[in-house]
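The structure under discussion appears below in the form of C-alpha cells.
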Amino acid sequence: MTTSTLGFTVSLACDEADLADARHVRVAGYGHHGMGEALRAPDEVDYLPESAVFIARDKATGQAVGTVRVQRRGRRRLLLEECIALPPEIGEDHCAEIARLAAIPGADPLVKVTLMKATFLECLAGQVQWMVIGARSNALVRVYKRLCFHDLFGGEPVPLSYAGGLPHRVLAFNVQTAERTWMDAGNGLYDFMFKTWHPDLCIHARRGIQHLPLPMAA
C-alpha cells in the first residue's frame, strides 16, 4: 500500500454550509443543462438518513470544487426507481444510486475520480451490492465505463424527472466484485482504488446533517 496526498480533501457534508457549497458546485457543473434554478434549492434527498453527500475542497483556498451523493435504498426508493424499474437481478439486491457528481470548471481531473472512490468505499462499508447511476453526457459515461460500470436497458436513454426530464443512460456496477473486476480488466485505476491510501479522503465523519429538517422554502 502506497500513500498519496492530493491537492484537495474529500469528506462528508456535515452541516448546512457544506450542503450549500455542494449545491453551488452542482449549479456550476450542471447549470448549462438548464437546471441551475432547481439545483440552487435544498434537495430533500440530501437529508435522508440513507444519503451521504461528499464534498471536495481545495486545500489552499477551502473552496468546494466537487461533490457527489450516495443514496442507499431505505425507507424511500432510489430516485431512479421512481422513473424506471431496475432489472430484477439489481432491484432485489441492496443497492445505491450515485448522483449529482459534479466539479467546478477547471478543477483537478482527479476530483471526480476521488469522489467515485469515496462512493465506492461508502457503499462497501454499507454492504451495498450494486451502484446505479444515470449519465447524460458522453464524457461522464466514459468516466463510469472506465470504472467498469455497464449499461442497463441496452444503453437506451431513460428520461429522469429529477434531472429536468433529460434522457440519461443508466449504468450499474457490482460493488462486491469490484476488486476482481478491476484486476481482471487490467484497469489503470486499480492501484488508485485498492493499493493507495489517500489521507485526504475520509468517509467517516459526524453525520448530524442527516438529522436536520429540510429547510422551509422562502
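Hey, could you check region 151-201 for residues that are hydroxyl-bearing (Ser, Thr, Tyr) and part of a helix (DSSP H, G or I) and say which is modelled with the lowest pLDDT?
Step one: of region 151-201, the residues hydroxyl-bearing (Ser, Thr, Tyr) are 161-162, 177, 181, 190, 196.
Okay, now just the ones that are also part of a helix (DSSP H, G or I), so 161-162, 181, 190.
Working: SER161: 87, TYR162: 83, THR181: 91, TYR190: 92.
Ranking the candidates gives TYR162 first.
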> List the pairs whose first member sits in region 182-197 and is farther than 11 Å from ARG146 by Cβ, whose second member is part of a loop (DSSP other than H, G, I, E, B) and modelled with pLDDT under 90, and whose Cβ atoms are under 9 Å apart, counting only residues at least 6 apart or on separate chains?
Replying inline: MET193/LEU147; MET193/ASN187; PHE194/MET1; LYS195/MET1; THR196/MET1; TRP197/MET1
>> Let me confirm something: among THR61, THR114, THR67, which residue is modelled with pLDDT of 90 or more, open to solvent by 10 Å² or more (accessible area, probe 1.4 Å) and of a type in the set (Ser, Thr, Tyr)?
In response: THR61
> If you go through region 127-153 one residue at a time, how many are touching a strand residue (DSSP E or B) at 6+ places or on another chain (Cβ under 7 Å) and open to solvent by 30 Å² or more (accessible area, probe 1.4 Å)?
Replying inline: 7
> So, of the residues in region 44-57 that are open to solvent by less than 30 Å² (accessible area, probe 1.4 Å) and among the acidic types (Asp, Glu), which turns out to be nearest to VAL10 (Cα to Cα)?
Replying inline: ASP46
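The values are calculated or read from the model by the stated rules, or taken from the named source; none is laboratory data. Just so it is clear, the model here is predicted, and its values are computed rather than measured. We place every Cβ from the backbone using ideal geometry, glycine too, and count neighbours over all the protein chains shown. SASA here: full protein model, heavy atoms, side chains in, ligands and nucleic acids out. Shrake-Rupley method; radii C 1.70, N 1.55, O 1.52, S 1.80 Å.
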